[in-house]
């Protein structure tokens with residue numbers, strides 16, 4: 001038995017060492033990049049991949065970030081609400097005698113929360129458009145058009161590499 005436990009301990013130890021080294025390298029690279037080129041300060045303060053891709057200036061970012069965080073929080077709350085409703089629908093369907101009317105009502109509620117998200121996205125895009133330069137707007141809308149033309153998934157989802165998925169999901173910046 002000790003041999004079996006010993007083998008697992010070695011694997012766990014190696015995995016932890018690899019994780020530690022990976023985190024150390026990530027931090028060291030980030031520090032080196034920040035100190036190596038002070039001229040690209042904006043690229044390090046703009047945590048949103050979409051806005052880094054648009055190459056927003058520091059002045060633009062100061063205007064964009066607070067409403068962006070509010071937008072993300074509102075979208076996240078609606079996503080959670082949608083998830084809860086979906087769980088309830090599944091629970092209703094799983095019952096022995098499903099209440100079809102209640103299921104339809106909950107489906108309508110899900111559609112309403114999705115509609116609210118669409119309104120938030122629209123309002124956010126219109127507000128941000130006022131801050132972006134003409135070239136940045138063109139780049140943003142080209143990315144959105146390109147994403148909506150692909151059949152591999154709906155626009156602005158987790159599957160997308162551009163578009164609003166990085167903004168909606170905020171993978172690189174914590175919400176305050």
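The values are calculated or read from the model by the stated rules, or taken from the named source; none is laboratory data. What you see is a predicted model, and the numbers here were worked out from it, not measured in a lab. Counting neighbours? That spans all protein chains shown, and the Cβs are built from the backbone with ideal geometry, glycine included.
Here are the numbers for this structure:
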| read-out | value |
| --- | --- |
| Output for the stretch 75-88, where each listed residue is within 18 Å of residue 118 (Cα to Cα) and either within 13 Å of the chain's Cα centre (by Cα) or free of Cβ contacts under 8 Å to residues at least 24 places away in the same chain (or both) | 75, 76, 77, 79, 80, 83 |
| Residue list for the stretch 52-66, restricted to those being part of a helix (DSSP H, G or I), without any contact (Cβ under 8 Å) to a residue 40 or more places away in the chain and in contact with a helix residue (DSSP H, G or I) (Cβ under 8 Å, 6 or more places away or on another chain) | 52, 58, 61 |
| Residue among 74, 158 that alone is part of a helix (DSSP H, G or I) and either modelled with pLDDT of 95 or more or in contact with a helix residue (DSSP H, G or I) (Cβ under 9 Å, 6 or more places away or on another chain) (or both) | 74 |
| Test: residue in the stretch 110-131 that is surrounded by fewer than 16 Cβ atoms within 10 Å (Cβ to Cβ), more than 23 Å from the chain's Cα centre (by Cα) and assigned to a helix (DSSP H, G or I) | no |
